[in-house]
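Student: Got a structure here, written out as structure tokens. Questions coming.
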Amino acid sequence: MSGKSLSKNQKLILLALVAATFAISLSYSFYFKVPPAVDARAYDAIAWNLVQGNGYRESLDIPLADDNAIMRVGPGYEFFLAAIYYLFGHSYAAVWIIQALLMSASAFLVFFLTREVFKSQWNYWMGIAAAGLIGLSPDLITIQSMLMTETLGVFLIIATAYLFFKYINQAMPPWQLAGIMGLALAAAATVRTPAAFLVFPIAGFFLFNKRRKHLLIFLLAISFIFLPWIARNFYVYQAFIPTNLAYGIDLLSGNHQGATGELEPYPVNDAYLEQYGLVKGSQLLTKEALSFIISNPVDFLKLTLYRISIYFSISRPTGFWFHLHGLSRAVTLLLSAAYAASVFTFGLWGIIKARGLGEEDKRRIKWFLAMLVMMPLAIVGIIVETRYRFLVYPFFAVFAGYGFWEAVQRRLSWRVVWYSFIIILLNTGLDAWRNSERIFQRLNEIF
């Protein structure tokens, strides 16, 4: 099936799913009309300042070197917003439309990503299931209605993975494909920094297969995106800053005496930044965090295990956004929890089931699994929030699509599915037990 073109009916079903993704996403955005707040407000301000010719800054009232913009996740998403504002004016509606299109494009690409990963084992309905898990994800539909980085980040990560497996599956891959892959990965890393970890499996593939020239092209493409920003930051701050300065706050917030592994207020952060400035303060915060990790390896390991538990816990659904109240919040939480349970359970089962594939298929699966592992690995040593796991959804969706297809074919081992679900459920129970007070407090906020 993988080598055949799609039939007319198959194309229509795929296009219907893509159209439904766009329509639902856009309807959600225009129904709630979520105004920018907190991080989104900062991204909005930075983007508009760029369009106005004021530079990459959040406020005009303080010197550029002291402006908080460099502390925000970026700069990719801010430049993305700036491009929209430059073309369409300061219009949130334009952002909602384009982010709904990105959702549709993500679902469309995931469909074809499954074909590149599973190749001879691929089936049309496997691709549809995976695409549906992305396009109709309650978590991703919710986040795309806001001026947040995840929608663009997820799309770029999917694009990077697709290009990587398109490269793998060609006997004589062109050097241009290695360069485009580097551009996509670099763009993803400027939007969501954890995406940078994908460089390890991709570079590993180049080295393992002795394709050093293509590795060089890949790295040069990455440099093409990063070097202008690094040069700008060195000019402004006299320091090497490849993306932003959020690392110091994040690292110490998750690694100090009394830390929970989640993003919580920690007075030391503000004190250091206020006393020493943004660059020096961030460096000292990082030093403090590393000192804690080195001096307390057991505590760090324990915190990391807690963060892994939070990352995969279905008791951490998304839905506690300020625009959701009462019934809309309750429905969002239920759908989000059900979605997480489904994508993680069937995704885990798909990973287990893929062990029985042929050697050629398993070779691709191993590289894809390595990419999946990079997403949680990039953050479980720092801090974990529910939306941080959105980047791993496309990888689990592909494996879950394979699991769903196995179920349709009646090759489903329910015992293994139950084992997968029990693993997810036990982890959720551990997370709920450890954080019962916090979770009950959240539940009281529903109504």
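Student: Can you tell me which condition residue 54 does not meet? The list is (1) without any contact (Cβ under 8 Å) to a residue 12 or more places away in the chain; (2) polar (S, T, N, Q); (3) closer than 30 Å to residue 128 by Cα, and all the others hold.
Tutor: Here residue 54 meets the rest and fails (3).
Student: Would you mind finding the one in 126, 103 that is crowded, with 24+ Cβ neighbours inside 10 Å, over 27 Å from residue 31 (Cα atoms), touching a Ser or Thr at 6+ places or on another chain (Cβ under 6 Å) and not small (Gly, Ala, Ser)? Steps first, answer last, please.
Tutor: Numbers: 103 fails: over 27 Å from residue 31 (Cα atoms).
On inspection, the qualifying residue turns out to be 126.
Student: Still on this structure: Return yes or no: is residue 217 touching a residue at least 24 places away in the same chain (Cβ under 8 Å), touching a Phe, Trp or Tyr at 6+ places or on another chain (Cβ under 8 Å), surrounded by fewer than 22 Cβ atoms within 10 Å (Cβ to Cβ) and assigned to a helix (DSSP H, G or I)?
Tutor: yes
Student: State whether the residues of the range 252-271 include one that is surrounded by 15 or more Cβ atoms within 10 Å (Cβ to Cβ), touching a helix residue (DSSP H, G or I) at 6+ places or on another chain (Cβ under 6 Å) and of a type in the set (Val, Ile, Thr).
Tutor: no
Student: Take the conditions more than 24 Å from the chain's Cα centre (by Cα), over 14 Å from residue 262 (Cβ atoms) and modelled with pLDDT of 95 or more and apply them to residue 328. Does it pass?
Tutor: In short, no.
Student: With the condition kept exactly as written, say whether any residue in the range 143-159 is farther than 16 Å from residue 100 by Cβ, among the hydrophobic types (A, V, I, L, M, F, W, C) and more than 16 Å from the chain's Cα centre (by Cα).
Tutor: Checking the range 143-159: not a single residue is farther than 16 Å from residue 100 by Cβ, among the hydrophobic types (A, V, I, L, M, F, W, C) and more than 16 Å from the chain's Cα centre (by Cα).
Student: Here are some residues: 74, 153, 132. Which one is more than 23 Å from residue 33 (Cα to Cα), buried (at least 24 other Cβ atoms within 10 Å of the Cβ) and not aliphatic (A, V, I, L, M)?
Tutor: 74
Student: Here's something else I'd like to know. Of the residues 46, 24, which is in a helix (DSSP H, G or I), buried (at least 20 other Cβ atoms within 10 Å of the Cβ), at pLDDT 95 or above and of a type in the set (A, V, I, L, M)? Step through it out loud before you land on a result.
Tutor: Details: 24 fails: buried (at least 20 other Cβ atoms within 10 Å of the Cβ).
When all the criteria are applied, what remains is 46.
Student: Here is a follow-up. Residues in the range 182-197: is at least one surrounded by fewer than 17 Cβ atoms within 10 Å (Cβ to Cβ) and hydrophobic (A, V, I, L, M, F, W, C)?
Tutor: Residues of the range 182-197 that are surrounded by fewer than 17 Cβ atoms within 10 Å (Cβ to Cβ), as a first pass: none.
No.
Student: Then there is this: Sort out for me the helices (runs of 4 or more DSSP H) sitting completely within the range 87-173 that have 3 or more residues that are farther than 27 Å from residue 7 by Cβ and at pLDDT 95 or above.
Tutor: Numbers: elements: 92-118, 124-135, 138-144, 150-168.
Where helices (runs of 4 or more DSSP H) fall fully within the range 87-173 and carry at least 3 residues being farther than 27 Å from residue 7 by Cβ and at pLDDT 95 or above, they are 92-118, 138-144, 150-168.
The values are calculated or read from the model by the stated rules, or taken from the named source; none is laboratory data. Source: prediction; values computed, not measured. Glycine gets a Cβ as well: all are built from the backbone with ideal geometry, and neighbour counts include every protein chain shown.
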